[in-house]
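These notes are about the structure you will find just below.
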Amino acid sequence: MKTPRAFTAVLATETNTFSPIRVDIHAFKASLLARPGEHPETPTLCSAVITVGRRFAKDNGWDLVEGTAAWADPAGLVSRQTYEGLRDEILDQIETGGPFDAIVLGLHGAMVAEGYDDPEGDFLERVRDVVGAEVPIVATLDPHSHLTQRRVSMANALIAFKEFPHTDFVDRAEDAWRIARETVAGDVKPVISVFDPKMIDVFPTSTQPMRGFVDDMIRREAETPGILSLSVIHGFLAGDVPEMGTKVIAVTDNDPALGASVARDLGTALFELRGKVRSKEHSPAEALDRALEFEGAPVTIADMWDNPGGGTAGDATVLLREAIDRKLDSIAFGSIWDPVAVQLCHAAGEGATMQLRFGAKSAPNTGSPIDAEVQVIRNIRNAEQRFGDSIVPVGDASLVKLGGIEVILNSTRAQCFDTTLFTGFGIDPGQRKILVVKSTNHFYRSFALVSPLILYCSAGLAYPTDPRITPYKKAPRDIWPILDRASPEQAASAGE
Ligand SMILES: [Zn+2]
């Protein structure tokens, strides 16, 4: 048998269509823009197909052709030129480098570009046009994405991360390569089945009831003959697109009836959990009160909705203002995005004391800029944090101190994934009473190791958290919680 040839590439970002932060090619360069062969050995969430693919090709004696890997941290709309430019660059690599026996792509699935509500559907369709109907196209997805009919019809297998935090991204890339290998060998013929539970919610999987749901899904995937992969697309409620919502995907070995039945089971179970899966959300005052009353330390407070990982600016100051007004000490904030303030801190130098305005410059309802005399404690060029096996850049950054309050200022927008964001600046998390992080849930695993108490705080209105009041123009109106019904199949009755 001749040596199989595979192509892999990554085109990924998550678009919060309500975010004021537009995305162009510079945003991809700031996060990850690796041309063929330039991808580092450590994977980024959506680019594990490349690093896993290298190992897979070596172990299985395949030829691997690496295309471009492009990932921009979540933000607002992607410019048309940027999307089309990256898309055409990868299509050209497939066209000139082919023919291939398999295409394995790392997508996110929640990109929205100027003029494109479904860029991934457009991209997959064009890839299909180039490779023809017979070549398997397998893609990994982030569960915070939109599953469109067009994507399903253009791909042979779609696999989403099962965990939120997405700690299983390497495992899912391995699933993608396994399915590609078995398909090319003629051992399986993957078919995608989808169930739509007609809902949208936020599903953290570290705690119940979602923990049990995911464990059950993993068990069914392993134990049901004919099932190649099971995934839940959680959906992404900050993306105003026509097919926004939660979906269940079953990939079977050419058994659409089995796929439909398992997807329906899982989707019905999810529907029963509607409204019961989100973390308890505190106001800023409540969160700080509870943290101060608590005996142990550090208490981690998640500024959960100003999460750059969800496309917001990550510069809201609502919680920081509350901490300043209370003259708290032993509290550290990681981080507030403000490239101009970082530039000023770097110019002033470590040890300098200066008057600084920072934060809350990007969007309404996120507090006001802080004006304060600060001490510059630490300046770092190209600062980083870890997330599992990957390294996440936070850009040039500074640690400033106002009284007993420490604030990390960063210049590349990034949520706080890991305690290394703090330790990189010499802050020992165990030595602080309170840590405040900008993240919805990805921070959880790392901070749970050091924090005896984790609190979720809803501060300001940086993000459209409630679909019932979000001014959607394109998203469906017949999904829970905008509209309730007794079961996903029941016809929608007139609104509540
Ligand atoms: Zn996600």
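Per residue, the convex hull spanned by the Cα atoms of segment 273-429 measures out at 130 cubic angstrom. In whole angstrom, segment 373-496 maps to an equivalent ellipsoid with semi-axes of 39, 16, 15, each derived as √(5λ) from the alpha carbon gyration tensor and ordered largest first.
When Rg and the Kirkwood Rh are both derived from Cα coordinates, the Rg/Rh ratio for the chain amounts to 0.98. Taking K and R as +1 and D and E as -1, what net charge do the other residues with C-beta under 10 Å from the C-beta of residue 118 add up to? Neighbourhood net charge equals -3. Pairs from the list 247/474; 58/438; 189/473 with a Cα-Cα gap above 28 Å: 58/438; 189/473.
Take segment 29-139, drop everything but the C-alpha atoms, weight them equally and run the Debye formula without solvent; then report log10 I(q)/I(0) at 0.10, 0.18 Å⁻¹ to two decimals. For segment 29-139, the Cα-only Debye profile gives -0.28, -0.96.
Taking only the C-alpha atoms of segment 341-380, the Rg (one decimal) and the largest Cα-Cα distance, Dmax (whole number), read 11.3, 33 Å. Relative protection proxy for 458-467, 298-307, from highest mean packing down: 298-307, 458-467 (other beta-carbon atoms within 10 angstrom). Look at the dipole of the chain built from charges on Cβ: of 412, 127, 423, the Cα furthest out on the positive end belongs to 423. With the biggest extent put first, the Cα atoms of segment 431-496 measure 55, 25, 18 Å across the principal axes.
With the convex hull of its Cα atoms as the shape, segment 91-168 has an orientation-averaged projected area of 5.6 nm². Dipole magnitude for the chain: about 440 debye, using +1 per Lys or Arg Cβ and -1 per Asp or Glu Cβ, origin at the Cα centre. With the biggest extent put first, the Cα atoms of segment 121-215 measure 43, 27, 18 Å across the principal axes. With the largest listed first and rounded to whole Å, the semi-axes of the equivalent ellipsoid of segment 175-249 from the Cα gyration tensor are 26, 17, 10. Eigen-decomposition of the gyration tensor built on the alpha-carbon atoms of segment 1-88 gives equivalent ellipsoid semi-axes of 29, 12, 10 angstrom, largest listed first.
Read-outs throughout are calculated quantities, based only on the coordinates presented, and are distinct from any laboratory measurement. Computed from a prediction, not measured in an experiment: that's the story for all the values here. Every residue, glycine as well, gets a Cβ built from its backbone with ideal geometry; the counts of neighbours run over all protein chains shown.
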